[in-house]
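See structure below.
The values are calculated or read from the model by the stated rules, or taken from the named source; none is laboratory data. Predicted model only: the values in this text are computed from it and were never measured. So basically every Cβ, Gly included, is an ideal-geometry build from the backbone, and we count neighbours across all protein chains shown.
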């Protein structure tokens, strides 16, 4: 896959954000989250991922986005990758990610994920990546009217998953045997948190300034979001799209979210899988994917329920 070109470029909190949503670009049909976060966002979760060398004309954030679209990031799905130059947005804020290793917990289901690309050297490049991450986190917290105590680490959600209790500060940094993340920021998490608060106080975290007008909302009637060939219509009116929707089809908004018929929760689908209603093996995967559900997410929930 060639170097990606963003659909839109904005400035958000002083950081250049390149929008390339996997809900719109999924040539390899990778599994995607399907749970809505609309009206449910409770915070921002910060991660670290390793610095990588890139070819001329691109950045690590673009390359991680490209690796995700290529299916090379396993089941990790985050909202943003950020490096020393810019950020790349992979998921709309209305859609949950797979990043917190807490299954259907609040980390995955209710927080916006930022992967900050750094190295253990903690050199000038790493510090600039971290600064961009702090600016982006501050902008997101302000956008959703959330305070600094809604800034979380990946380790926070692991500790919650494992039954630990305590303050947000404690859970953000308390040792977890599974993973300590963000690995390069955690040693100075208090300072990072102060930096985010500083950007929030300074008012630098302003709303995104679009470089192009927002696209008109269209409701597409298809068998699945990824089966574009099955489309039987695109409507500006949701009501008209619902009228045109036949058995075996669904209505999707411009971000790829199924809006009709209303999808069942992952727990409901997992119980149906256990009851044998979705078949087995390749058949199950195909049917779940065609119905707009993330196979990996459903299977994880099935495995948890079967324990």
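Among the residues of segment 95-110, is any surrounded by 24 or more Cβ atoms within 10 Å (Cβ to Cβ), within 14 Å of the chain's Cα centre (by Cα), more than 26 Å from residue 159 (Cβ to Cβ) and in the same structural domain as residue 129 (by TED's automatic domain parsing)?
no
Taking residue 268, is it more than 25 Å from residue 73 (Cα to Cα), assigned to a helix (DSSP H, G or I) and either more than 20 Å from the chain's Cα centre (by Cα) or assigned by TED's automatic domain parsing to the domain that holds residue 24 (or both)?
Yes.
Being in contact (Cβ under 8 Å) with a residue 24 or more places away in the chain, within 20 Å of residue 59 (Cβ to Cβ) and buried (at least 24 other Cβ atoms within 10 Å of the Cβ) is the requirement here; does residue 86 meet it?
no
Mind checking which residues of segment 271-297 are assigned to a loop (DSSP other than H, G, I, E, B), in contact with a helix residue (DSSP H, G or I) (Cβ under 7 Å, 6 or more places away or on another chain) and surrounded by fewer than 17 Cβ atoms within 10 Å (Cβ to Cβ)?
Across segment 271-297, the qualifying residue is only 279.
Listed residues 172, 132, 159; which is under 27 Å from residue 267 (Cβ atoms) and at pLDDT 95 or above?
Step by step, each of 172, 132, 159 is checked, and only 159 is under 27 Å from residue 267 (Cβ atoms) and at pLDDT 95 or above.
Taking segment 156-202 only, how many residues are more than 23 Å from residue 118 (Cα to Cα) and either out of contact with any helix residue (DSSP H, G or I) (no Cβ under 7 Å at 6 or more places or on another chain) or surrounded by fewer than 20 Cβ atoms within 10 Å (Cβ to Cβ) (or both)?
12
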